[in-house]
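See structure below.
Every read-out reported here was derived from the displayed coordinates using simple, explicitly stated rules and does not represent laboratory data. These numbers come from a predicted model, not from an experiment.
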Amino acid sequence: MKQCRTADIDYFVVRSKSRRTADIVVERDGQIFVRLPERLPDHSIEQIIEQKRIWIYKSLAEWRDLNSARVLREFRSGEGFLYLGSSYRLSLVPDQEEPLVLRDGRFRLRRKLAEKGVTTARQAFRDFYMEKGSERLVRRSAYFADKVGVQVKQVEVKELGFRWGSCSSDGSIRFHDGPAKDYRLYSGARTLPPSSSGTRRGILERG
């Protein structure tokens, strides 16, 4: 990977032996990555950037708008945190076995974690969302697998870099640890081997 600049656009070039086409990605931190086949000549990069210049400007503008409204958490009692479409206030509690629980309409965070700093407190929330999100992904994967006639043996949530998800021939589905939409679940399920009960049915039903 190397860093480059074309006119006023800074970006990173990532080459791959397995890649057959070129594309551009604006990552969650606003960095631009140009992903290329290994043998594509360097002089083609600037052409790709020029062809996608308007799209890049638009994507960066959207990223700035999203991040301008970003809330910086201090993890203090009374702060609101979203979960399944609702906001719940935070309480710091001294004696609690679990790092973080949602109980009686409030998030309850072990006080010692908040006292260690924002990073530790944020990790407790991340672990909570990952656990609850994984449970929901298992249920939704089973739902869509039945709709398209495939079998899902394992569902995992993990860091997948540029990909939103992947699946394998043994019936495993892996999701990136960001938001997972139902259309993504459906797309992943459709690429799995058919079950013995029948063929895939290509009907998109959002839950």
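Couple of notes before you dig in:
- Placed amide H near Leu160: partners under 5 Å, 5+ positions off or other chain: Asp177
- In sequence order, region 43-58 has phi-based couplings of 5, 6, 5, 4, 5, 5, 4, 5, 5, 9, 4, 4, 4, 5, 4, 5 Hz under the Karplus curve 6.51 cos²θ - 1.76 cosθ + 1.60, θ = phi - 60°, and Gly or Pro positions carry x.
- By DSSP, the beta bridges lying fully in region 1-120 are antiparallel in about 65 percent of cases.
- Enclosed volume per residue, in Å³, of the convex hull spanned by Cα atoms of region 2-68: 85
- Net length available on complete extension from Asp10 to Glu156 is 49.2 nm, with 0.36 nm assigned per residue and the Cα-Cα distance removed.
- Fraction of beta bridges assigned by DSSP in region 2-68 that are antiparallel (%, nearest 5): 65
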